[in-house]
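Right, one structure below, let's go through it.
Computed from the coordinates by the stated procedures, all read-outs in this text should not be read as laboratory data. Owing to the predicted nature of the structure, the values given are computational and were not obtained by experimental measurement. No Cβ is skipped: glycine too gets one built from the backbone with ideal geometry, and neighbour counts run over all protein chains shown.
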């Protein structure tokens, strides 16, 4: 991207000692080194017919606006209301998720792991940052960071606590390491007090973090007063 | 870290409050890799292995690896695979980068930067 503040450098007078050349350069554009590298690849690959810039733009738009954790939330909500779908998700998550039209581009195998009263599951990719894109969109920055990738394996309870989740002592923590072939998605427990809720209402409670296993679904009664039903 | 706070803004093109891509080049690097995989230039395991190698290499070279440089590693993996599969050689990549730099240098501020044939000439 062009650096829009270059003119200010002229005003500021850096005193590089090559006056006219400097002034001349500053009226022209400069590209960020990363930008140059990507443009070069795109140019070459377009010339050779490997990519089409319009198709790239469309793909980017899809990922920015249409694919995100909402897909996963709908999968979870369906599992909460439909026992048959839940069983299917347990036995063949790839097919169950594909039935809702959330198919992966990488053809990866999906595995759903369920939170229970005795087990709390967490997902990581220790090597790079494999992530279930079709249901969760693109990974958040912290998921891609070395501290998360390494610490969640050594100290899952400590990492969970930083996310504000503290399972009781008896609960077993399981950490699932994603690979290029297998992506895990966590099915959180349905919150109490949601009897009779519609699938759409339930999906609103499912957060991205709850499907990675570092969060819980939203509280159906945020005021937490215990009474005051609406 | 976005630990804890979950902002709910329906319809926003964000990933629970976080931008999916920090800069346009990241989005393009992402999309190119996905397309090349679809075209069969490499398998996804091949991609993941290359990306993991680039991350390890960057870490060894002192990259803090906090997640913010993720697409730097992504791009390095992409450039390597593009060269290794013969889609575009390293030399050709550098030559085209040079051309883009020249194109930028002759383009006045505020105008779109477009590549011309003479940008490839020395």
Taking neighbour counts of Cβ atoms within 10 Å as a proxy for exposure, in what order, fewest first, do A:125, A:130 appear?
A:125, A:130
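Please arrange A:51, A:159 by counting, for each residue, the other beta carbons lying within 10 Å of its beta carbon, fewest first. The partial results should precede the final answer.
Numbers: A:51 25, A:159 22.
Ordered by Cβ neighbours within 10 Å, fewest first: A:159, A:51.
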Using eta = 0.890 mPa s and T = 25 °C, Stokes-Einstein with Kirkwood Rh from Cα pairs puts D for segment B:28-120, in µm² s⁻¹, at 164 µm²/s
Alpha-carbon centroid distance for the pair segment A:39-85 / segment B:25-59, whole angstrom
15 Å
List B:51, A:59, A:100 from most exposed to least, where exposure is judged by having the fewest other Cβ atoms within 10 Å.
A:100, A:59, B:51
Residue span residue A:82 to residue A:27: 0.36 nm per residue of separation minus Cα-Cα distance leaves a gain in nm of 13.5 nm
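Does segment A:76-115 come out rounded, prolate or oblate by the C-alpha gyration tensor, with a ≥ b ≥ c the root eigenvalues, rounded set by a/c under 1.5 and, if not, prolate when a/b is larger than b/c and oblate if not? Don't skip to the answer; put the middle values down first.
Working: a/c = 2.19, a/b = 1.63, b/c = 1.34.
It is prolate, given that a/c is not under 1.5 and a/b is the larger ratio.
Contact order normalised by length for segment A:97-163, with contacts defined as Cα pairs under 8 Å and 6 or more residues apart; what percent is it?
Values: 35 pairs, mean separation 16.0, N = 67.
Over segment A:97-163, the number comes to 24 percent.
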For segment A:69-212, what does the convex hull of the Cα positions come to per residue, in cubic angstrom?
107 Å³
Pairs of alpha-carbon atoms within less than 8 angstrom and 6+ residues apart define the contacts here; what relative contact order does segment A:126-230 have, in percent?
24 percent
